[in-house]
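Novice: Sharing a structure here in structure tokens format.
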Amino acid sequence: MKKPLVAAVLVILVLSGCSGKNKELEQGLKLRTQLLSSGGCQFDVGITADYGDKLHSFGLQCQADQQGAVHFRVTKPESIAGIEGTLDGGDGALTFDSTALHFPLLADNQVTPVSAPWLFVKTLRSGYISSAGASGEYTRLSMDDSYDDDPLHLDIWLNGDNVPVKAEILYRERKILSLDVQNFRME
């Protein structure tokens, strides 16, 4: 008689835990709603691309419009500062004066480091939130950029004001890009 009672109590505990609200997931959905209803966003970002044997770091000022297209301006390193570009998922454009950006492609030739801000914004706007939870003082969202068989995976950290402060882009469980997000604001 005890076994059925114990099983019933366990089922009730499990089901009651599943019906509770996930505060961190709600924060992620609130950020998405705000971003989709705003005129876009602006942020500064430090990006580190990890090629396994070499790291490349640079800084960008970014502005995303209401549709998710990202205009950027390189701020660091000084040797390429001032280069500007726009990424919208289908096309990209760079403007520069006798200076070219060249970074090897990542993720089986699918991603350039300069596309990281666009992937970040795209995933915040429409990515699949696979999990959300507390990570120290931050909320951590684990998101996929698409429903493809082999999507890019992003971990995005939000501060107490529900503002993104850090992100990592992973491909096949290997971190390829790190983003240090600063001054994130909605327009």
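Novice: Can you tell me the accessible area per residue over region 126-187, all protein chains present, probe 1.4 angstrom, in square angstrom?
Specialist: 52 Å²
Novice: With r as the distance between the Cβ atoms of GLN182 and SER79 and R0 = 35 Å, compute the FRET efficiency 1/(1 + (r/R0)^6) and round to 0.05.
Specialist: 0.95
Novice: What ³J(HN,Hα) values, in whole Hz, does the Karplus curve 6.51 cos²θ - 1.76 cosθ + 1.60 give for region 70-80 when θ = phi - 60°, with x put for Gly and Pro?
Specialist: For region 70-80, the Karplus curve yields 10, 9, 10, 9, 6, 10, 9, x, 4, 4, 10 Hz.
Novice: Using θ = phi - 60° and the Karplus relation 6.51 cos²θ - 1.76 cosθ + 1.60, list the HN-Hα couplings for region 175-187 in order, rounded to whole Hz, with x at every Gly or Pro.
Specialist: Karplus-based 3J(HN,Hα) across region 175-187 equals 5, 10, 9, 10, 10, 9, 8, 10, 6, 5, 8, 7, 9 Hz.
Novice: When the chain is fully extended, how far beyond the present Cα-Cα distance does ASN22 get from GLN34, taking 0.36 nm per residue of separation?
Specialist: Full-extension gain reported as 2.5 nm.
Novice: Taking R0 as 25 Å, what's the FRET efficiency between HIS56 and VAL165 from their Cβ-Cβ distance, rounded to 0.05?
Specialist: Once rounded, the FRET efficiency stands at 0.70.
Novice: Still on this structure: Grab the other residues whose beta carbon is less than 10 angstrom from that of LYS166, score K and R as +1, D and E as -1, and report the net.
Specialist: Summing Lys and Arg as +1 and Asp and Glu as -1 gives -2.
Novice: Among the listed pairs LYS21/LYS166; LYS54/LYS76; LYS23/LYS76; LYS30/LYS76, which are separated by more than 29 Å between their Cα atoms?
Specialist: Violating the 29 Å limit, Cα to Cα: LYS23/LYS76; LYS30/LYS76.
The values are calculated or read from the model by the stated rules, or taken from the named source; none is laboratory data. Every value quoted in this text rests on a predicted model; they were computed, and no experiment measured them. A quick note on method: Cβ atoms are made from the backbone with ideal geometry, for glycine too, and the neighbour counts reach across all protein chains shown. In case anyone asks, the SASA skips ligands and DNA or RNA and just uses the protein heavy atoms, side chains included. Shrake-Rupley method; radii C 1.70, N 1.55, O 1.52, S 1.80 Å.
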